[in-house]
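Here the structure comes first, spelled out in structure tokens, and everything after it is commentary.
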Amino acid sequence: MHATKTGMMIKKLKEEARQEERAIRHLRYLNNTDAKKLAKKLEHSSSEKLKKATFLKKKARLEDLSVYKINTERVVRKKETKTYTYWYASWREGPKVRNVYIGSINNLDQDDALLKARKLKAEALRRVNL
């Protein structure tokens, strides 16, 4: 999996939840009522962070793709060649890598190609999970 913003956010949320779990364990040893209340609040906060991390996992999976250009040369006439440039995207589907044609570079800029690639990957993931 590639490093994405959402992936880094998930990692940060999980680390914070782990730290809160450690603090909860230490607070439970104390017989103080304030410590028990604080432990209860931390427990709620930790579970919320873990829920958010599992929700963001799907978003991170959609972000994990590569969009790139491919140049192809085609012979127009006997001695004349023309170069065409296309957007392609690739992502992993199980053990295999899937390469998908996105469109011509003349019709799409990189941001549009990325959005289209994410839509195509979302459709592919839906098909796989059915």
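Every read-out reported here was derived from the displayed coordinates using simple, explicitly stated rules and does not represent laboratory data. Worth saying up front: this structure is predicted, and the values here are computed from it rather than measured. Every residue, glycine among them, receives a Cβ derived from its backbone with ideal geometry; neighbour counts consider all protein chains shown.
Quick check: net charge around K41, other residues with Cβ under 12 Å of its Cβ, Lys/Arg +1 and Asp/Glu -1? List each step's numbers first, then the result.
On the way: positive: K36, K37, K40; negative: E20, D34, E43, E48.
Charge balance near K41 sits at -1.
Per-residue 3J(HN,Hα) values for segment 50-58, derived from phi via the Karplus relation 6.51 cos²θ - 1.76 cosθ + 1.60 with θ = phi - 60°, read 5, 5, 5, 5, 5, 5, 6, 4, 5 Hz in sequence order (x marks Gly and Pro). Using only side-chain charges placed at the Cβ, +1 for Lys and Arg and -1 for Asp and Glu, the dipole size of the chain relative to its Cα centre rounds to 320 debye.
Per-residue 3J(HN,Hα) values for segment 66-79, derived from phi via the Karplus relation 6.51 cos²θ - 1.76 cosθ + 1.60 with θ = phi - 60°, read 10, 10, 8, 9, 10, 9, 10, 9, 10, 7, 8, 10, 4, 10 Hz in sequence order (x marks Gly and Pro).
Each Cα pair under 8 Å and six or more residues apart adds its separation to the average, and for segment 66-129 the resulting relative contact order is 26 percent. For K59, a cut-off of 17 angstrom between C-alpha atoms picks up these lysines, skipping any fewer than 8 places away in its own chain: K5, K11, K12, K14, K49, K51, K116, K119, K121.
Sort segment 5-61 into rounded, prolate or oblate with this rule: let a ≥ b ≥ c be the square roots of the eigenvalues of the Cα gyration tensor; rounded if a/c is under 1.5, and if a/c is not under 1.5, prolate when a/b is larger than b/c, oblate otherwise. Please list the in-between numbers first.
Details: a/c = 4.80, a/b = 2.97, b/c = 1.62.
Prolate.
Remark on I102: its backbone amide H falls under 5 Å from those of W87, Y88, A89, a criterion applied only to residues 5 or more positions apart or on other chains, H modelled at 1.01 Å from N.
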